[in-house]
Amino acid sequence: MYYHLTKFSAWHILFGAVLLTLALDNSQAMDSVIFLANALLGIIPFLLFAIVFMAYASASSLDNIIATTLKSKGKYSIIIAALIGGLSPFCSCGVIPLIAALLRMGVPLSAVMAFWLASPITDPAVFALTYSVIDLNFAVARTLAAVAIGIFGGSVVYILNRNGLFANPLKPEIAAKTNGVVLDSKKIIWKFWQHEARKASFIAEFKTTLFFLLKWLSLAFFLESLMIAYIPNELIINLVGGEGILPIATATIVGIPAYLNGFAALPLIKTMIDQGMSQGAALGFMLGGAVSSMPAAIAVFALVKKPVFAAYIILALLGAFTSAVLFQAYLNI
């Protein structure tokens, strides 16, 4: 198994966090466990889809074909990935297993980053709800920003990658094959289950990937529940209120720990706008939190090497801030 437990694994940290919360605030501990269970149930369909997809692609050798095809598209794969990301219904945590799958296949990091940054921000359902809760301008700005941030981030990574940065983005223990079996990758074996080695590869990939993602997402969701419980909305509103660039920058950063998800955040953002927050700052809060929320960041940190993690955070914040500033400038015209 390549997702080995370290001395202090995510399970140890989660268990310690639960015990500490029980000791300090018994009722909140129970609420947090319920929140964790509901969050995992909500993400299970995306989790299973991505894990089965990754395991099947690896066992059938489809992964090599996908990686080769996207590599042949070069920089155009970035635009394609950003557009697909803007339509896909993945949240910042739900997209993590698919990112792992794509990187394991050898898909270029530039295309993966474009999808990675664009996907959590919006999808058709989120667009419709944003339009109904806030307004059309905000919904359109959110959608355009999703694609623009994806293209921006993917393009930056593409340029840096060509200069030798970000080679082998996954951590070694995650990039390695789970069972050590080297499969013939020259052709796709669609019915992989008819071959014992490939069937064993599928089972090993599925089990170990599921275990890895469950432990880190469980920790992430438990910590998210504590942030929601102990960071009052009034504090957020006070931090990000006002006009100008500074509130936009503050809102973009504050969005990381305070953001909920694409649907649950909308009532909070509507309240903040009604209480005087500029729409530019509101967009920055939404974009920064959607792409790089604290729970997602924890899972990403466990998945990729530190330079890739740093690039993901920096590109997300720069893209979110720039989009919010441009949106506010448009509204001020």
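Summary of values
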quantity: For segment 33-102 and segment 119-168, distance of Cα centres in Å; calculated: 16 Å
quantity: Over segment 26-332, relative contact order from alpha-carbon pairs under 8 Å, at least 6 apart, %; calculated: 22 percent
quantity: Taking PHE327, PHE321 and counting other C-beta atoms within 10 Å, the order from fewest to most; calculated: PHE321, PHE327
quantity: Ranking of GLU196, GLU205, GLU243 by count of other Cβ atoms within 10 Å, fewest first; calculated: GLU196, GLU243, GLU205
quantity: Exposure proxy order (Cβ contacts within 10 Å, fewest to most) of THR130, THR322; calculated: THR322, THR130
quantity: 10 Å Cβ shell holding at most 10 others, DSSP loop, trypsin sites (Lys or Arg not before Pro): longest site-free stretch of the chain; calculated: 8-185
quantity: Shape category assigned to the chain from the gyration tensor of Cα positions, a/c cut at 1.5; calculated: oblate
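Read the figures in this text as sums done on the coordinates, not as results from a lab. Just so it is clear, the structure is predicted and the values come from calculations on it, not from any experiment. Counting neighbours? That spans all protein chains shown, and the Cβs are built from the backbone with ideal geometry, glycine included.
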